[in-house]
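Values in this text are rule-based calculations from the coordinates and carry no lab data. As the structure is a prediction and not an experimental result, all values here were calculated from the model. Please note: Cβ atoms are built from the backbone with ideal geometry, for glycine as well, and neighbour counts cover all protein chains shown.
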Amino acid sequence: MKLSLKAMIVAGALFKGVVFLFISLMNLVLRPYGGAYLAFLSSLYPGYDPVNVPIAVIVGTMLGSIKLRVFTWRAITLHHLKQTKERSS
């Protein structure tokens with residue numbers, strides 16, 4: 001049985017997105033919950049600001065989705081390039 005690189009990347013990114021959404025929503029209910037994690041994400045996602053909470057949840061989810069698409073495309077492209085290089089050798 002072969003592992004699918006694309007499926008692993010998509011599953012991991014979806015898990016990260018669900019965790020981000022859960023922590024953001026929990027931060028809405030319980031203010032200090034996940035504050036350090038959300039502050040860390042503000043350094044990774046330009047435009048994400050945990051102070052503007054309703055807008056921040058939407059912006060963070062959209063930026064995560066864009067990041068998922070770019071990273072998946074890049075990983076699959078590199079994987080295909082590696083396979084074609086091995087076949088030609």
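A few notes on this one:
- Full-extension gain in nm, I55 to A36, via 0.36 nm per residue minus C-alpha separation: 5.0 nm
- Near-label residues of region 40-60 by backbone N, under 18 Å of a point 7 Å along Cα→Cβ of L21: 53-60
- Part-to-part distance (alpha-carbon centres) for region 68-89 and region 32-59, which is given in Å: 32
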